[in-house]
1. For the range 63-76, indicate whether the set of residues that are in a strand (DSSP E or B), open to solvent by 20 Å² or more (accessible area, probe 1.4 Å), touching a Ser or Thr at 6+ places or on another chain (Cβ under 6 Å) and under 26 Å from Ser121 (Cα atoms) is non-empty.
2. Only one of these is free of Cβ contacts under 8 Å to residues at least 24 places away in the same chain and more than 20 Å from Thr118 (Cα to Cα): Ser56, Ser25. Name it.
3. I need the full set of residues from the range 1-26 which are assigned to a loop (DSSP other than H, G, I, E, B), small (Gly, Ala, Ser) and open to solvent by 40 Å² or more (accessible area, probe 1.4 Å), in order please.
4. For the range 80-118, give me each residue that is open to solvent by less than 30 Å² (accessible area, probe 1.4 Å) and more than 18 Å from Arg45 (Cβ to Cβ).
5. Pick out the one residue from Ser70, Ser30, Ser21 that is at pLDDT below 95 and touching a strand residue (DSSP E or B) at 6+ places or on another chain (Cβ under 7 Å).
6. Failed condition for Gly54, given (1) at pLDDT 95 or above; (2) small (Gly, Ala, Ser); (3) exposed (fewer than 13 other Cβ atoms within 10 Å of the Cβ), with all others met?
7. Six or more apart or on different chains, Cβ atoms under 7 Å: show the pairs whose first residue is in the range 94-113 and at positive phi and whose second is part of a strand (DSSP E or B) and open to solvent by less than 20 Å² (accessible area, probe 1.4 Å).
8. Quickly run through the range 99-121 and pick out the residues that are touching a Lys or Arg at 6+ places or on another chain (Cβ under 7 Å) and over 16 Å from Leu20 (Cβ atoms).
Amino acid sequence: QVQLVESGGGLVQPGGSLRLSCAASGIIFSINAMRWYRQAPGKERELAAAISNGGSTNYADSVKGRFTISRDNAKRTGYLQMNSLKPEDTAVYYCYANIATVDWAYGKDFWGKGTLVTVSS
């Protein structure tokens, strides 16, 4: 069974940094797109950053220049490096990946359970 597990969230002061990780496990043929979404209290989930299997990246305007998405295909892990964090970055961060498996040769969407990032002094 394929699972995505996020780690690296926590409490950080404004201006600080955190690195989130998203590890995929199970019988996986390939990982296509990987994305990080976030949902702040009382708000809808929004896309923060995305990376293709070829390494092309996209960012929300609100995080551009501060966040960096990356992936290590050999480790089946995606990362989100977050620098210059602001209180408005406070949210639950969710990992998403489209993964080709035994049952889903063209890929299926998988989500992690989320990790909380709190930016506060």
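1. No, the range 63-76 contains no residue that is in a strand (DSSP E or B), open to solvent by 20 Å² or more (accessible area, probe 1.4 Å), touching a Ser or Thr at 6+ places or on another chain (Cβ under 6 Å) and under 26 Å from Ser121 (Cα atoms).
2. Result: Ser56 is the single residue among Ser56, Ser25 that is free of Cβ contacts under 8 Å to residues at least 24 places away in the same chain and more than 20 Å from Thr118 (Cα to Cα).
3. Hits for the range 1-26 are Gly15, Ser17.
4. Leu85, Ile99, Ala100, Thr101, Gly107
5. Selected residue: Ser30, the only one of Ser70, Ser30, Ser21 that is at pLDDT below 95 and touching a strand residue (DSSP E or B) at 6+ places or on another chain (Cβ under 7 Å).
6. (1) is the only condition that Gly54 fails.
7. Note: pairs meeting the criteria are Gly107/Ile99; Gly107/Ala100.
8. The answer is Ile99, Thr101.
The values are calculated or read from the model by the stated rules, or taken from the named source; none is laboratory data. As the structure is a prediction and not an experimental result, all values here were calculated from the model. We place every Cβ from the backbone using ideal geometry, glycine too, and count neighbours over all the protein chains shown. Heavy atoms of the whole protein, side chains included, go into the accessibility calculation; ligands, DNA and RNA do not. Shrake-Rupley method; radii C 1.70, N 1.55, O 1.52, S 1.80 Å.
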